[in-house]
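Visitor: One structure is given below, represented as structure tokens, and several questions about it will come after.
The values are calculated or read from the model by the stated rules, or taken from the named source; none is laboratory data. Here the structure is a predicted model, which means the values were calculated and not measured. Ideal geometry is used to build each Cβ from the backbone, glycine not excepted, and the neighbour counts take in all protein chains shown.
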Amino acid sequence: MSETILMGPADVRRALTRIAHEIVERNGGCEGLLFVGMRTRGAPLATRLASEIGAFEGAQIPIGALDISLYRDDIHHLQVQPVVHSTDIPVDVADRRVVLVDDVLFTGRSARAALDAIMDLGRPLSIQLAVLVDRGHRELPIRPDYVGRNIPTTRSQQVQVRLLEVDGRDEVALITPPEGQP
Amino acid sequence: MTISKELERQGTPAAGPAWRRRHVLDLDDFTAEELELALQTAAAMAQVLRREIPRVPTLRGRTIVTLFYEASTRTRVAFELAAKALSADVVSVTAQASSVSKGESLVDTARTLRATGADIIVIRHPSAGAPYLVAEHQEASVINAGDGWHAHPSQALLDLYTLRQHLQELRGRKVVIVGDILHSRVARSNVWGLTRAGARVVLCGPPTLLPWDLTAGATPSSSQPLDWMRLPPVEVEPDLDRAVEEADVVMALRLQGERQQTGLITSIADYIKHYQITAARLARAKPGALLMHPGPMNEGIEVAPEVARGPQSVVDEQVANGVAVRMALLYLVAGTQTRG
């Protein structure tokens, strides 16, 4: 098992700053925006993006945290039921421009689950997707609107995003299993 | 693909408590962590129930059977609503106790249900231990919705959940359970749940309806651990005025009319005189102490009407929380019915 650090604290900060500007630019301001972080690590990322934008736009974008456990498509096949956490979205999603925030985009199945979870809460004006890392290997027709960094990977590799709020430091690691192991 | 990898793949941390309990038969062997996980899951389910359309797709394609050999309104309805909120298919089977002999035929019924695709069987039965028998003899998960005088784990869990909404920490809290303790599966399961959560439990009721081990020489004044049906250490105090002193919670139990016919209580009037939760008695507990009742309540017998509907009563909340707690149990045990 070998581990390579692909992004350090400064890289993570710059990527988020850029995404923050892109979101404001693409949406022509902050009107009606709602940031929804996917638990676990999307939630602190959503908070950071909102505070970045708060700093340069002076606007307060509402932030929420979404738990997708009840919407997963693999629930019949897991041997350990995922722990269900709360979904805390402080405002009605109806007529909002929702930006879903997650740490890693891989197969797209989590994003699919998140889309369903949001739709069950109401009818947003639009949903966009922001991720810190896109590692490829999509299994569904889902693409991100904002990407911190594209990281080419093989299927057997793991991308781990570590964040100050959860893991004590900011970094993105690529983990490669030893040869011959799935 | 390994489980942890699959979890990682979908971005959910594999860390944290894991639920491996296939059946929920009683709370007697629950760890504090399992109780915590069930309560935490129930809180997330309560969020779903507060939505405009209270339904999630989680258990789509799963079949949940409620098999009731005894009358029930709230437990059965709560389980069925819980199953529907999780998008499971629900089949309810009512069996007349008279048409079903014990032993094999109960097992056969359960086996048939499993063969027709039941993933989870929710069972209520007048005989203590019946759910254990069913759990042993077929593959579906079994949730005990009340067996004889033995256990009613989902009720005890919803009581814990309701208490936690009001008292953040149960450790060291004094909970008095009042009434027909001897015949109460609610009391028994609550004793397990409450003591595991760290509460101090006092049982109170007419001496004939308390689980004394009289042969061991216990007397009403000696408060000592009980050996009866393997209960964990609790206190016994037949004098209600004394029992409720400084209590954080007073839980009244339903009194069955037949207890009078069998001579276990002298009269309903006597019971009311000595064991009804009145405003005056509740005033002896801590200010703001909570009043609970598992229902159905004989208003005016176990609890005075003004107290039953008073500001300290959380009886309606107990009923409302029942669905969220059952959703949590169904969700958690469904995970043990892995496919493919």
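Visitor: Any residue that is surrounded by fewer than 22 Cβ atoms within 10 Å (Cβ to Cβ) and farther than 25 Å from A:I151 by Cα - is there at least one of those in the range A:6-21?
Guide: Residues of the range A:6-21 that are surrounded by fewer than 22 Cβ atoms within 10 Å (Cβ to Cβ), as a first pass: A:6, A:8-11, A:13-18, A:21.
Next, only the ones that are farther than 25 Å from A:I151 by Cα stay: none.
No: the range A:6-21 contains no residue that is surrounded by fewer than 22 Cβ atoms within 10 Å (Cβ to Cβ) and farther than 25 Å from A:I151 by Cα.
Visitor: With the checklist (1) on the phi < 0 side of the Ramachandran plot; (2) at pLDDT 95 or above; (3) under 13 Å from the mean Cα position of the chain (by Cα) in hand, flag the one item B:G146 doesn't pass.
Guide: With respect to (1) on the phi < 0 side of the Ramachandran plot; (2) at pLDDT 95 or above; (3) under 13 Å from the mean Cα position of the chain (by Cα), B:G146 is out only on (1).
Visitor: Could you tell me which of the residues A:R97, A:R149, A:R123 is basic (K, R) and out of contact with any strand residue (DSSP E or B) (no Cβ under 7 Å at 6 or more places or on another chain)? Give the derivation first.
Guide: Numbers: A:R97 fails: out of contact with any strand residue (DSSP E or B) (no Cβ under 7 Å at 6 or more places or on another chain); A:R149 fails: out of contact with any strand residue (DSSP E or B) (no Cβ under 7 Å at 6 or more places or on another chain).
Within the list A:R97, A:R149, A:R123, the selection yields A:R123.
Visitor: Checking B:A145 against (1) buried (at least 20 other Cβ atoms within 10 Å of the Cβ); (2) in a helix (DSSP H, G or I), which single condition isn't satisfied?
Guide: With (1) buried (at least 20 other Cβ atoms within 10 Å of the Cβ); (2) in a helix (DSSP H, G or I) applied to B:A145, the lone miss is (2).
Visitor: Could we say that A:Q128 is farther than 24 Å from A:L174 by Cβ, part of a strand (DSSP E or B) and polar (S, T, N, Q) here?
Guide: Taking the combined requirement at face value, the residue satisfies it.
Visitor: On to the next question. Can we say A:L115 is in contact (Cβ under 8 Å) with a residue 40 or more places away in the chain and more than 8 Å from every other protein chain (Cβ to nearest Cβ)? Spell out the reasoning first.
Guide: Numbers: in contact (Cβ under 8 Å) with a residue 40 or more places away in the chain: no; more than 8 Å from every other protein chain (Cβ to nearest Cβ): yes.
No: the conditions fail for A:L115.
So that you can scan it fast, the table gives a plain yes or no per residue for (1) among the acidic types (D, E); (2) within 18 Å of the chain's Cα centre (by Cα); (3) under 30 Å from B:R21 (Cα atoms); (4) within 14 Å of chain A (Cβ to nearest Cβ):
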site: B:P287; (1), (2), (3), (4): no, no, no, no
site: B:L291; (1), (2), (3), (4): no, yes, no, no
site: B:V303; (1), (2), (3), (4): no, no, no, no
site: B:D316; (1), (2), (3), (4): yes, yes, yes, no
site: B:A320; (1), (2), (3), (4): no, yes, yes, no
site: B:A324; (1), (2), (3), (4): no, yes, yes, yes
site: B:M327; (1), (2), (3), (4): no, yes, yes, yes
site: B:L332; (1), (2), (3), (4): no, yes, yes, yes
site: B:Q337; (1), (2), (3), (4): no, no, yes, yes
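Visitor: In addition: For the range B:290-340, which residues satisfy the criterion of being touching an Asp or Glu at 6+ places or on another chain (Cβ under 6 Å) and farther than 15 Å from B:L253 by Cβ?
Guide: Of everything in the range B:290-340, those that are touching an Asp or Glu at 6+ places or on another chain (Cβ under 6 Å) and farther than 15 Å from B:L253 by Cβ turn out to be B:P305, B:Q337.
Visitor: So in the range A:132-151, with the set limited to residues that are more than 14 Å from chain B (Cβ to nearest Cβ) and surrounded by fewer than 16 Cβ atoms within 10 Å (Cβ to Cβ), which one is farthest from A:V12 (Cα to Cα)?
Guide: Taking the range A:132-151 as the starting set, the residues that turn out to be more than 14 Å from chain B (Cβ to nearest Cβ) are A:141, A:143, A:145-151.
Filter once more, so that each one left must be surrounded by fewer than 16 Cβ atoms within 10 Å (Cβ to Cβ): A:141, A:143, A:150.
Values: A:P141: 27, A:R143: 21, A:N150: 13 Å.
So, considering only residues that are more than 14 Å from chain B (Cβ to nearest Cβ) and surrounded by fewer than 16 Cβ atoms within 10 Å (Cβ to Cβ), the one farthest from A:V12 (Cα to Cα) is A:P141.
Visitor: Would you confirm whether any residue within the range B:172-181 is touching a Phe, Trp or Tyr at 6+ places or on another chain (Cβ under 8 Å) and assigned by TED's automatic domain parsing to the domain that holds B:V249?
Guide: yes
Visitor: Is it true that A:G168 is within 18 Å of the chain's Cα centre (by Cα), more than 30 Å from B:E52 (Cα to Cα) and of a type in the set (G, A, S)?
Guide: Judged against the criteria, A:G168 is not a match.
Visitor: From B:A118, B:A71, which residue is among the hydrophobic types (A, V, I, L, M, F, W, C) and either modelled with pLDDT under 95 or over 24 Å from the mean Cα position of the chain (by Cα) (or both)?
Guide: Exactly one residue qualifies, and that residue is B:A71.
Visitor: Looking for something surrounded by fewer than 16 Cβ atoms within 10 Å (Cβ to Cβ) and in contact (Cβ under 8 Å) with a residue 40 or more places away in the chain - is there at least one such residue anywhere in the range B:303-312?
Guide: Kept after step one, since they are surrounded by fewer than 16 Cβ atoms within 10 Å (Cβ to Cβ), are these residues of the range B:303-312: B:305-306, B:309-311.
Still in the list and also in contact (Cβ under 8 Å) with a residue 40 or more places away in the chain: none.
There is no residue in the range B:303-312 that is surrounded by fewer than 16 Cβ atoms within 10 Å (Cβ to Cβ) and in contact (Cβ under 8 Å) with a residue 40 or more places away in the chain.
Visitor: While we're here: Need the failing condition index for B:L330 against (1) within 22 Å of B:V77 (Cα to Cα); (2) assigned to a loop (DSSP other than H, G, I, E, B), just the number.
Guide: B:L330 satisfies every listed condition except (2).
Visitor: Taking the criterion of being at pLDDT 95 or above and within 7 Å of chain B (Cβ to nearest Cβ), would at least one residue in the range A:152-162 satisfy it?
Guide: Yes: the range A:152-162 contains one or more residues that are at pLDDT 95 or above and within 7 Å of chain B (Cβ to nearest Cβ).
Visitor: Within the bounds of the range B:180-188, is there any residue that is without any contact (Cβ under 8 Å) to a residue 60 or more places away in the chain and more than 30 Å from B:I265 (Cα to Cα)?
Guide: No, the range B:180-188 has no match at all.
Visitor: Select from the range B:230-268 the residues that are touching a residue at least 40 places away in the same chain (Cβ under 8 Å) and of a type in the set (K, R) and write down the one among them that is farthest from B:P206 (Cα to Cα).
Guide: Residue satisfying both the conditions and the ranking: B:R230.
Visitor: Related question: Where in the range A:1-111 are the strands (runs of 3 or more DSSP E), entirely inside, with at least 2 residues that are in contact (Cβ under 8 Å) with a residue 60 or more places away in the chain, within 14 Å of chain B (Cβ to nearest Cβ) and not polar (S, T, N, Q)? Don't jump to the end; show me each part of the working.
Guide: On the way: elements: A:2-7, A:33-38, A:63-66, A:97-105.
Result: A:33-38, A:97-105.
Visitor: Which number in (1) without any contact (Cβ under 8 Å) to a residue 60 or more places away in the chain; (2) in a strand (DSSP E or B) marks the one condition that B:V175 misses?
Guide: (1)
Quick grid of which residues meet (1) closer than 14 Å to B:F79 by Cβ; (2) of a type in the set (A, V, I, L, M):
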position	(1), (2)
B:A110	no, yes
B:R114	no, no
B:R124	yes, no
B:Y132	no, no
B:E136	no, no
B:A140	no, yes
B:L157	yes, yes
B:H166	no, no
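Visitor: Still on this structure, please answer the following. Among the numbered criteria (1) in contact with a Ser or Thr (Cβ under 7 Å, 6 or more places away or on another chain); (2) crowded, with 16+ Cβ neighbours inside 10 Å; (3) closer than 24 Å to A:D88 by Cα, which single criterion is violated by B:T66?
Guide: For B:T66, the exception is condition (3).
Visitor: Would you check which residues across the range A:22-69 are acidic (D, E) and crowded, with 17+ Cβ neighbours inside 10 Å and list them?
Guide: If the condition is that a residue be acidic (D, E) and crowded, with 17+ Cβ neighbours inside 10 Å, then A:E52, A:D67 are the ones that fit.
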